[in-house]
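In what follows, a single structure is set out as structure tokens and then discussed.
The values are calculated or read from the model by the stated rules, or taken from the named source; none is laboratory data. Bear in mind the structure is a predicted one, so any value in this text is a computation, not a measurement. Using ideal geometry, Cβ is built from the backbone for each residue, glycine included, and neighbour counts are taken over all protein chains shown. These accessible areas exclude ligands, DNA and RNA; they are computed on the full protein's heavy atoms, side chains included. Shrake-Rupley method; radii C 1.70, N 1.55, O 1.52, S 1.80 Å.
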Amino acid sequence: MEDLSLSSELDPALLSTSTSSSSPPDSASPSFSFYHPSPPNYTLAVSNLSCRDPRRGSGGAGLLSSLLGSFSTSSPPATGGAGLLNNVSFTASSSQILAVVGPSGAGKSTLLRILSGRGTGGEIAARPHAVVSVNGRAVTSRARLRRMCGFVTQDDNLLPLLTVRETILFAARFRLRSAVTARERGERVEALMQELRLSEVADSYVGGCGGAGGAPRGVSGGERKRVSIAVDIVHDPPVLLLDEPTSGLDSRSAMDVLSLLRDVARARRQVVVLSIHQPSYRMLAYISSMLLLSRGAVAHFGTLKSLEHSLSRLGHEIPMQLNPLELAMEVTEQLEADHARFGAALATTIHQHQHNKVIDDEDESSGAGEHEHEHGYYCSRAVEVGALAVRCWRTMHRTRELFAARAAQAVIAGLGLGSVYFRIRPDPEGVALRLGLFAFSLSFLLSSTVEALPILLHERRVLMREASRRAYRLSSYVVANALVFAPCLLAVSLLFSAPVYFLAGLRATTQAFACFALAVWLIVLMASSLVLFLSAVSPDFVLGNSLICMSLGVFFLFSGYFIPRESIPRYWAFMYYVSMYRYPLDLLLINEYGGSSSGRCVAWAGGVCLRKGGDVLRGRGIDEGMRWVNVGVMLGFFVLYRVMCWAVLVRRAAKTTL
């Protein structure tokens with residue numbers, strides 16, 4: 001079957017036609033049973049897993065690294081006791097839900113991050129006493145854990161301006177890759193939405209983000225959580241990890257999420273491990289077993305009935321108004337000591353169950369084709385760029401207010417500047433006025449893209465989540481972003497250039513106007529790349545906005561407009577050559593006074609020409625032959641900042657916990 005285009009993949013009419021012709025036979029799990037009539041069973045076993053607290057024993061170096069880490073990671077450092085686990089052992093089986101519970105700082109989130117491949121890597125090294133295994137085969141690399149485990153974080157990091165269907169379809173496009181055709185992907189997504197009870201809101205915006213960037217309110221919190229779950233199970237991972245999926249939800253929505261997870265675990269035979277804060281008695285009915293942590297150590301592992309036995313053994317009677325887990329949370333230290341005495345047999349059993357069969361990613365290529373080489377793990381470059389470009393275009397198209405505001409800003413600024421500098425005369429005063437017009441236009445254009453910063457900051461969290469799952473290459477995102485924004489910024493450039501150019505009475509030739517419009521386009525392209533790079537560097541909007549303002553101010557100072565190149569101190573001379581203002585300003589002056597205008601007189605005295613256009617350029621130390629060199633340098637800035645953005649994003653993705 002030929003692959004359909006991504007646009008047709010996202011067409012609800014086509015999807016409804018395809019799904020209606022082949023309805024899944026199993027209503028309990030239509031998406032899974034339709035493609036996998038006999039899903040395999042899995043057992044996740046963890047033996048003696050420990051994690052050292054990175055904040056201890058590092059002294060001043062640890063403090064410095066923690067400060068620098070705020071610029072190199074995508075999420076804040078763990079709080080409380082997170083980052084410390086002591087010999088944690090447990091098993092979890094298919095079709096069951098294992099709940100990781102405990103007080104704040106017990107290590108619940110840390111445990112899930114390590115199991116999802118978001119630890120340092122040392123916790124799962126191939127050592128006889130510390131092993132994470134699936135079906136008896138030890139896993140010793142973070143990359144393999146990330147491929148085997150779906151991980152749903154506490155925050156729903158989704159693009160608010162995509163619909164529910166589009167969000168899951170894009171996830172399927174990247175996660176399923178070439179394993180299925182476009183029509184099969186559509187059918188699977190429709191069945192998955194039916195399974196997760198999202199069909200009624202399939203065409204609603206995901207929303208959220210507090211309305212950032214004009215985002216709509218979107219679906220409810222419970223529905224948004226189900227969308228996050230759908231994104232991470234669309235490729236049917238054997239293990240599903242969820243970090244506090246009920247946090248922030250009302251009791252009814254929390255019950256719905258747990259009921260849904262139980263149905264998904266049974267139908268897909270997945271291992272489901274989730275962390276949860278003090279579930280109610282009704283919620284405990286959906287949980288098969290629980291792992292109670294206390295200060296990073298196991299206080300209890302087993303069923304609710306076994307927890308009742310442990311409490312009774314310690315002499316505690318469960319009050320009528322409490323469930324066993326609520327009482328256990330109050331006596332975790334006693335349970336921890338009790339488990340240390342009677343739980344040694346558990347670790348031995350788990351250790352024997354794993355068979356000590358260690359499989360490294362390097363050795364797996366010869367074993368049943370389980371290992372996926374790096375070059376074969378992603379989609380093709382063209383598919384990635386195409387899909388990301390479609391998604392970026394949809395997001396930008398639906399941010400109509402932002403684009404309309406930018407277009408109106410360009411028109412109003414062009415008309416305003418043209419009226420202020422109306423019909424500049426070709427005399428010495430006109431030379432100064434033209435220079436002022438070009439300098440102010442540069443300042444306005446380079447600062448006009450700051451409003452995209454909050455949108456890019458939120459999109460970065462989505463990128464980190466998707467990149468951590470190796471959905472696509474980050475370089476494909478950078479290319480797709482440039483391909484979508486370039487024509488839009490060209491339209492904005494023309495809206496600004498046309499009124500200001502002709503109202504100001506600049507050089508009246510078609511070639512000169514085309515060069516002016518090209519210069520304006522390159523200016524806004526450079527500005528968009530700078531904002532994209534700083535959005536990758538900045539931890540939040542306040543610091544990002546400050547960095548943008550500071551960078552543009554420094555570049556403007558050393559552009560040669562305020563201080564001539566000869567007057568710049570030698571130790572600051574390099575700033576003249578890296579200033580984003582210098583090259584477009586020189587290009588605009590060359591366009592106005594170079595070429596056929598180099599011989600045009602701009603100053604007379606007694607009927608004698610004292611100064612020509614070429615003299616204006618030479619007076620500022622500008623070589624007319626550098627026109628296309630300036631164009632090339634501006635393109636270089638555009639590419640350079642995007643390459644730097646890619647490098648920062650890759651660094652963040654390698655350390656993210658999303």
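Kindly indicate whether Leu456 is within 30 Å of Leu587 (Cβ to Cβ), open to solvent by less than 30 Å² (accessible area, probe 1.4 Å) and under 15 Å from the mean Cα position of the chain (by Cα). Yes; evaluated as a whole, the condition is true for this residue. Of everything in region 299-341 that is over 17 Å from Gln278 (Cα atoms), assigned to a loop (DSSP other than H, G, I, E, B) and not small (Gly, Ala, Ser), the residue that is most open to solvent (accessible area, probe 1.4 Å) is Glu317.
Listed by position, the strands (runs of 3 or more DSSP E) inside region 82-197 whose residues that are modelled with pLDDT of 85 or more and either of a type in the set (Lys, Arg) or open to solvent by 10 Å² or more (accessible area, probe 1.4 Å) (or both) number at least 3 are 85-93. Looking at region 571-658, the helices (runs of 4 or more DSSP H) lying wholly inside it that each contain 1 or more residues that are among the aromatic types (Phe, Trp, Tyr), at pLDDT 90 or above and surrounded by fewer than 17 Cβ atoms within 10 Å (Cβ to Cβ) sit at 573-578, 627-655.
When Gly208 is tested against (1) without any contact (Cβ under 8 Å) to a residue 60 or more places away in the chain; (2) more than 24 Å from Arg113 (Cβ to Cβ), just one condition goes unmet, and that condition is (2).
A Cβ distance below 6 Å, combined with a sequence gap of six or more or placement on separate chains, defines the contacts here; from region 297-321, residues that are farther than 30 Å from Arg52 by Cβ reach residues that are surrounded by 12 or more Cβ atoms within 10 Å (Cβ to Cβ) and hydrophobic (A, V, I, L, M, F, W, C) in the pairs Leu304/Leu284; Ile318/Leu327. Applying the set (1) of a type in the set (A, V, I, L, M); (2) out of contact with any helix residue (DSSP H, G or I) (no Cβ under 9 Å at 6 or more places or on another chain); (3) over 30 Å from Val180 (Cα atoms) to Ala328 leaves exactly one unmet item: (2). For region 463-513, the set of residues classified as part of a helix (DSSP H, G or I), aliphatic (A, V, I, L, M) and open to solvent by 30 Å² or more (accessible area, probe 1.4 Å) consists of Val479, Leu483, Leu490, Ala491, Leu494, Leu495, Ala498, Leu503, listed by residue number.
Counting residues in region 408-427 that are touching a strand residue (DSSP E or B) at 6+ places or on another chain (Cβ under 9 Å) and open to solvent by 20 Å² or more (accessible area, probe 1.4 Å) gives one or more.
Per-residue answers, yes or no, for (1) touching a residue at least 40 places away in the same chain (Cβ under 8 Å); (2) outside any loop (DSSP other than H, G, I, E, B); (3) within 25 Å of Val134 (Cβ to Cβ); (4) open to solvent by less than 10 Å² (accessible area, probe 1.4 Å):
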{"site": "Pro245", "(1), (2), (3), (4)": "yes, no, yes, yes"}
{"site": "Arg252", "(1), (2), (3), (4)": "no, yes, no, no"}
{"site": "Val257", "(1), (2), (3), (4)": "no, yes, yes, yes"}
{"site": "Arg262", "(1), (2), (3), (4)": "yes, yes, yes, no"}
{"site": "Leu274", "(1), (2), (3), (4)": "yes, yes, yes, yes"}
{"site": "Pro279", "(1), (2), (3), (4)": "yes, no, no, yes"}
{"site": "Met290", "(1), (2), (3), (4)": "yes, yes, yes, yes"}
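Check region 454-475 and report whether any residue there is among the β-branched types (Val, Ile, Thr), modelled with pLDDT under 90 and touching a Lys or Arg at 6+ places or on another chain (Cβ under 9 Å). So far as region 454-475 goes, no, none of its residues is among the β-branched types (Val, Ile, Thr), modelled with pLDDT under 90 and touching a Lys or Arg at 6+ places or on another chain (Cβ under 9 Å).
So which residues in region 533-555 are in a helix (DSSP H, G or I) and touching a helix residue (DSSP H, G or I) at 6+ places or on another chain (Cβ under 6 Å), if there are any at all? Across region 533-555, the qualifying residues are Phe533, Leu534, Ser535, Ala536, Val537, Phe541, Gly544, Leu547, Ile548, Leu552.
Return yes or no: is Ala405 touching a helix residue (DSSP H, G or I) at 6+ places or on another chain (Cβ under 8 Å), part of a helix (DSSP H, G or I) and surrounded by fewer than 16 Cβ atoms within 10 Å (Cβ to Cβ)?
Numbers: touching a helix residue (DSSP H, G or I) at 6+ places or on another chain (Cβ under 8 Å): yes; part of a helix (DSSP H, G or I): yes; surrounded by fewer than 16 Cβ atoms within 10 Å (Cβ to Cβ): yes.
Answer is yes for this residue.
Identify the single condition in (1) modelled with pLDDT of 90 or more; (2) open to solvent by 10 Å² or more (accessible area, probe 1.4 Å); (3) out of contact with any helix residue (DSSP H, G or I) (no Cβ under 6 Å at 6 or more places or on another chain); (4) more than 30 Å from Thr399 (Cβ to Cβ) that Glu200 does not satisfy, given that it satisfies every other one. Just one mismatch for Glu200, condition (4).
Considering the conditions (1) modelled with pLDDT of 90 or more; (2) closer than 30 Å to Gly117 by Cα, Arg268 is excluded by exactly one of them, (1).
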